[in-house]
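Written below as structure tokens is the structure these notes are about.
Nothing in this text is a laboratory measurement; each read-out follows from the coordinates by a stated rule. Because the structure is a prediction, the values reported are computed rather than measured. For neighbour counting, all protein chains shown are included, and Cβ atoms are generated from backbone atoms with ideal geometry for every residue, glycine included.
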Ligand code: SAH
Ligand code: DHB
Ligand code: MG
């Protein structure tokens, strides 16, 4: 099979899984539609990855979630829906326009009481969270600026506890992480290596089929 055929087969497999496990959902589709109309980049998690995130919340029994990078709230809606009664999600977003769109999408989903969006640079917001002794969080999802992933991993270790899950989106970046000369993936490569080697973490990088091939890093705090 040549490369194009393989890619087409991967796309069909992704669609097959999506049909089975991530059926059409008006609220999620409206969130994507309004995000597109508002000019947000279409870099949300895929429906199947969203489903995987929900399953991880359920398996971990997570009640408190911290998300770094809200965009239009597509992944946040998935997380919030998977939380049990009394659960809460804090999501950090640097762009006020993104945050506004996300708040509308989350309001329409009926999840405003569960989701709190904090606007600002995640570096500062994470420092403030730690300073104020917020957390520990049961699950942390890193999905903002890729060059800051190693720092976000440090904050995640600080804001979690044994048993917490730390997840990192975009761990494969179309395979660019396997090229040691690719400087744009240097931080992601470093992050993946730390997940593999840090004795405080037990993890894996799971390759995923999306528009492009990417992956999700999954680590449990030991
Ligand atoms: N989790 C979202 C996608 C997030 S895209 C989903 O799957 O639906 C990445 C987001 O991170 C963008 O909205 C971007 O504005 C935000 N971001 C980038 N750098 C940031 C920073 N330093 N602090 C906080 N948010 C940041
Ligand atoms: C892209 C995808 C993402 O999930 C993200 O967080 C940032 C960028 C991309 O495909 O370019
Ligand atoms: Mg992402």
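Key figures for this structure:
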item	result
Computed lengthening from residue 116 to residue 190, 0.36 nm per intervening residue step minus Cα-Cα distance	23.6 nm
Mean separation of Cα contacts under 8 Å (6+ apart) over length of the chain, as relative contact order %	17 percent
Length added when fully stretched, residue 6-residue 36, from 0.36 nm per residue minus Cα-Cα	7.9 nm
Cα gyration tensor, segment 74-137 - rounded (a/c under 1.5), prolate or oblate	oblate
Segment 61-159, relative contact order in percent, only Cα pairs under 8 angstrom and at least six apart counted	34 percent
Point-to-point label distance, residue 107-residue 200, nm (Cα→Cβ direction, 7 Å offset)	3.9 nm
Rough spin-label spacing in nm, given labels placed 7 Å along Cα→Cβ, for residue 43 and residue 100	2.1 nm
Cα gyration tensor category, rounded, prolate or oblate, for segment 1-82 with a/c compared to 1.5	oblate
Spatial separation of Cα centroids for segment 50-126 and segment 1-21, in angstrom	29 Å
Model label zone, residue 147; criterion: amide N under 18 Å from point 7 Å along Cα-to-beta-carbon; scope segment 83-102	94-95
For q = 0.13, 0.18 Å⁻¹, Debye-computed log10 I/I(0) when each Cα of segment 86-222 counts as one equal scatterer	-0.61, -1.11
Mean Cβ count within 10 Å, highest first, over the residues of peptides 22-28, 78-84	78-84, 22-28
